[in-house]
1. I'd like the full set of residues that are modelled with pLDDT of 90 or more, among the basic types (Lys, Arg) and touching a helix residue (DSSP H, G or I) at 6+ places or on another chain (Cβ under 8 Å), limited to the range 233-284.
2. Given the condition of a type in the set (Gly, Ala, Ser) and modelled with pLDDT of 90 or more, answer yes or no: does some residue in the range 74-81 qualify?
3. Starting from residues that are of a type in the set (A, V, I, L, M) and not in a helix (DSSP H, G or I), keep the ones in the range 312-348 and report whichever is farthest from residue 583 (Cα to Cα).
4. Based on what the data block shows, is residue 611 assigned to a helix (DSSP H, G or I) and either surrounded by 17 or more Cβ atoms within 10 Å (Cβ to Cβ) or at pLDDT 80 or above (or both)?
5. Would you confirm whether or not the range 411-419 contains a residue that is touching a helix residue (DSSP H, G or I) at 6+ places or on another chain (Cβ under 9 Å), open to solvent by 70 Å² or more (accessible area, probe 1.4 Å) and modelled with pLDDT of 90 or more?
6. Condition first: among the hydrophobic types (A, V, I, L, M, F, W, C) and under 18 Å from residue 394 (Cβ atoms). Now tell me which residues in the range 439-464 satisfy that.
7. Among the residues of the range 97-117 satisfying the criterion of being touching a residue at least 40 places away in the same chain (Cβ under 8 Å) and farther than 12 Å from residue 519 by Cβ, which is surrounded by the fewest Cβ atoms within 10 Å (Cβ to Cβ)?
8. Residue check: is residue 214 open to solvent by less than 10 Å² (accessible area, probe 1.4 Å) and in a helix (DSSP H, G or I)?
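The values are calculated or read from the model by the stated rules, or taken from the named source; none is laboratory data. On a predicted model such as this, the values are computed, not experimentally measured, just so you know. Cβ sites come from the backbone with ideal geometry, for glycine too, and all protein chains shown count toward neighbours. When the accessible area is computed, the model is the full protein with side chains, heavy atoms only, and any ligands, DNA or RNA have been set aside. Shrake-Rupley method; radii C 1.70, N 1.55, O 1.52, S 1.80 Å.
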Amino acid sequence: MSKTILEGLNPAQKEAVLHSGGPLLILAGAGSGKTKVIVHRFAHLSCKVSPEHILAVTFTNKAAGEMKERISRLIKKDIRSAWVGTFHSQCNKILRKEIHALGYGCDFSILDDSDQLNLIRHILKEFKMYEALYRGILSRISLLKSSFVGPEEFLSRGDVFGFEDKIARVYLRYQDEIKRCNSLDFDDLILLTIKLFEEHPKALKKFQDSFQHILIDEFQDTNPAQYRLMKLLAGNSGNMCAVGDDDQSIYAFRGADHTNIMNFEKDFKGAKVIKLEQNYRSTQHILDIAHHVINKNPYRHPKKLWTDRKEGEKPSLCWFGNEIEEARHIAKTARELYLKGAYAYNDFAVLYRVNLQSRAIEEALREERLPYRIIGGISFYQRKEIKDLISYMRLCSNNSNNVSLRRIINCPPRGIGASTLTKIDQIAKKKSVSLLSAMKEILKTNTVTAAIKEKIAGFVGIVEGASPKNFKTASDMLRHLYKNTGYAEFIGEDRAENTMELIASAEGIGIEAFLDKMSLLSSLDSADTGNAVSLLTFHSAKGLEFPVVFISGVEEGILPYLKAQEPKEIAEERRLLYVGMTRAKEMLWLTCAKKRRLYTKIQEQQPSRFLKDIPLECCQKIEKIPPPAKPGSVCEKKPKTFKASLYSVGSRIKHSTWGVGVVRDCCGEGDDQKITVNFPNVGIKKLALKFAQIERL
């Protein structure tokens, strides 16, 4: 074994990496280097078995990509063919080879979130049900699937009545439709893999023999289906290493069950348990208050994080008059810290429980002219033009994909109207064929006008003329579709640039591999968008870290959220706060407001019950009295106008005495502008342009 595999590991990490075999549970506290342990354990095991015989699963493509890269560097070997990826991507690989045993074609399509929502809306419209319910119904179907409750079982339950009966009927129709389309959703990828293994023992034995070791990252976020799948693959050998932290289980709304991590020792007798308690992220002051909060939760593995980083300020607890003053304080504090030169904009994060809290914060940041980004907003791959072109690819690759056909049949507009689409749908249902096949049937009849026939024939010709066998790579196919569908003339210049970027990203990639990659992109996969203050919910913050963190709205009704009533729900809300606190590396601010506008009305607020668990000596307390509204401030909400500024943040200037510096802040307009400049040799200086002897570089 290479000595480099054990370099830089603390004793607990080293023990986990060197575990010889059998079930292993690694309780990895926040910032304790769990990814490092997984990477080094994979490297250690690869000295004994081929990397292709180790299955490693995590929850995001980004995490899986980083894991692969780090393993490759450590063992100095290309492991692109190794089984390292998300639960869904690994199941997809298995099903591409074996799904024919379940009556599906191996060319199945994968419906992403947007496809699923569109299908649910179509079904609700068909059933004449209220379409605005589509998100809630899809979420409910996903939870039922993750708990192994199929549509027939749900429909047959004695307690199903009223609205539940409607959900059951939509669920049944939804499942029939995606089967008819030879498509799977994310939950099906897991469930059908389990079905394959339970109904076909030879297939299970094949993969049990292949996967001699299993590594599971973020184990606390697994749902019952994912855990059941891993137990099947582990088989009698029990060589399963699960890494997680029950204190960071915050995805119950997605079906995650933190009791999986609590039951591991019962399910795997004789399991070795190792705790990683040394934290490499936060100061001890931050860890102390986080510990006081999470330690009140029942039914958890006790652990106490510690660090060698004893320096740093105590966390601050601030109490304001209203959310406007709270937001202004956050923005001003970030601005002051930035002007001191200690932090860049992307070192700051503002966390909140619900998205509506971001409004006041955004306004305050704009008033202070601080750039910001909202993490969890629309991604590049969710843009309409990108989704449209991908839908063309999916339909051309799988002619049964009715969901994709409905999306792009009139994109760009072709004049195939609603009555024609209804007729196509009726023929498809009557003959149990796909919508594309139904369109071909119409071309053989006289049920539509010659003009409509021509339009249908044109669309069918586009699909049949773009068969995947005609192209070497995904970029070739995309380029063809972009030009030959009329889409290039349909979109504007900005959107055209996005399609060009998509085509460039597909260079050298096979069509099936590219479509799988697009379908398996998770909402948890976030991209870095530059130097800006990050605004995000607690759920979006998982796996991230920032030098300075502000947690807004630590109040009853917000954190814990007003809908959390049961003890297990309150426990999860406490875990949310813990996750938020442990994102901070150096500075942490907890802020509350006495009054807050929520859901169109101003409400009196009380501090969160969780704050009562923090000893007074653990934090600095600051109480602010809101000053009168200033003209032009966010309090008055009056529109602002600005004259052109002579200098902007980030521009470089040269001073006659202090040399070259970078502008960190600007205020005022025209000749009355004042700037704050960071000079490397002399520090921060404030200058009035009327008098300063400077020149722009």
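1. Once the filter is applied, which keeps residues that are modelled with pLDDT of 90 or more, among the basic types (Lys, Arg) and touching a helix residue (DSSP H, G or I) at 6+ places or on another chain (Cβ under 8 Å), the range 233-284 yields only 275.
2. Residues of the range 74-81 of a type in the set (Gly, Ala, Ser): 81.
Adding the requirement that they be modelled with pLDDT of 90 or more leaves none.
Checking the range 74-81: not a single residue is of a type in the set (Gly, Ala, Ser) and modelled with pLDDT of 90 or more.
3. Going through the range 312-348, the residues of a type in the set (A, V, I, L, M) turn out to be 317, 324, 327, 330-331, 334, 337, 339, 342, 344.
With not in a helix (DSSP H, G or I) added as a condition, the list becomes 317, 342, 344.
Details: 317: 16, 342: 18, 344: 17 Å.
Restricting to residues being of a type in the set (A, V, I, L, M) and not in a helix (DSSP H, G or I), the top hit is 342.
4. On the way: assigned to a helix (DSSP H, G or I): yes; either surrounded by 17 or more Cβ atoms within 10 Å (Cβ to Cβ) or at pLDDT 80 or above (or both): yes.
Yes: the conditions hold for residue 611.
5. Looking only at the range 411-419, we keep the residues that are touching a helix residue (DSSP H, G or I) at 6+ places or on another chain (Cβ under 9 Å), and these are 411-417.
Among the residues that remain, those that are also open to solvent by 70 Å² or more (accessible area, probe 1.4 Å) are: 413.
Adding the requirement that they be modelled with pLDDT of 90 or more leaves 413.
Yes, that holds for at least one residue.
6. At the first step, the residues of the range 439-464 found to be among the hydrophobic types (A, V, I, L, M, F, W, C) are 439, 442-443, 448, 450-452, 456-457, 459-460, 462-463.
Result: 439, 459, 460, 462, 463.
7. Applying the first criterion (touching a residue at least 40 places away in the same chain (Cβ under 8 Å)) to the range 97-117 yields 98-99, 101-102, 104-105, 107-116.
Applying the additional criterion that residues be farther than 12 Å from residue 519 by Cβ yields 98-99, 101-102, 104-105, 107.
Working: 98: 20, 99: 22, 101: 14, 102: 13, 104: 17, 105: 11, 107: 16.
Looking at residues that are touching a residue at least 40 places away in the same chain (Cβ under 8 Å) and farther than 12 Å from residue 519 by Cβ, I get 105.
8. Working: open to solvent by less than 10 Å² (accessible area, probe 1.4 Å): yes; in a helix (DSSP H, G or I): no.
Answer is no for this residue.
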